[in-house]
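Take a look at the structure below.
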Number of protein chains: 2
Amino acid sequence: MTESEIGVAAMHRLCKKAGAERVSEAAAKELGKVVEGIGVKIAKDALEYAVHSGRKTIKAKDIEIATRKVMEK
Amino acid sequence: MTESEIGVAAMHRLCKKAGAERVSEAAAKELGKVVEGIGVKIAKDALEYAVHSGRKTIKAKDIEIATRKVMEK
């Protein structure tokens, strides 16, 4: 994971949504890194579920089950 | 959560990073929704840690501890 795929501006908006008035730039970057890591983890699991079902395309149902598994752990 | 703060294109890139060749539009949207939900949850926790420390600004260390707590559950 070299460059973050998720913009820092989006992370500032997430924090606003969470009720924060102010967020340091480092915090927004850290949140982006974390959220991206979780997203990639879920996507990897989802890909396994897709392949298991004989598909090459990740579908929404793969994301749903992968999310449950990743967040349960 | 009405409109997603995280773009669908970024979610397609995350899935590519995870090794997926193809991702349905609905799956990318679902991943965006999920990732945003987790991000807001972490940001809310981080805000509590900031306030607890007498700050109004979320710092990177607040995100770090909040991530550990959210992902532990």
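With an 8 Å cut-off on Cα pairs and a minimum separation of 6 or more residues, tell me the relative contact order of chain B in percent. Over chain B, the number comes to 25 percent. Distances between placed amide hydrogens fall under 5 Å for B:R22 paired with A:I58, all partners being 5 or more residues away or on another chain.
For A:K17 and A:R55 in one chain, what is 0.36 nm times their gap in residues minus the Cα-Cα distance, to one decimal in nm?
My answer for the length gained is 10.1 nm.
How would chain A be classified by its alpha-carbon gyration tensor: rounded, prolate or oblate, with rounded meaning a/c under 1.5 and the a/b versus b/c comparison settling the rest? Prolate is the answer for chain A, as a/c is 1.5 or above and a/b outweighs b/c.
The residues B:S24, B:S53, when put in order of fewest to most other Cβ atoms within 10 Å, stand as B:S53, B:S24. Among the trypsin sites (Lys or Arg not before Pro) in the range B:21-54, none sits in a DSSP loop with a Cβ that has at most 15 other Cβ atoms within 10 Å.
Values in this text are rule-based calculations from the coordinates and carry no lab data. Just so it is clear, the model here is predicted, and its values are computed rather than measured. As a convention, Cβ positions derive from the backbone with ideal geometry for all residues, glycine included, and neighbour counts pool all protein chains shown.
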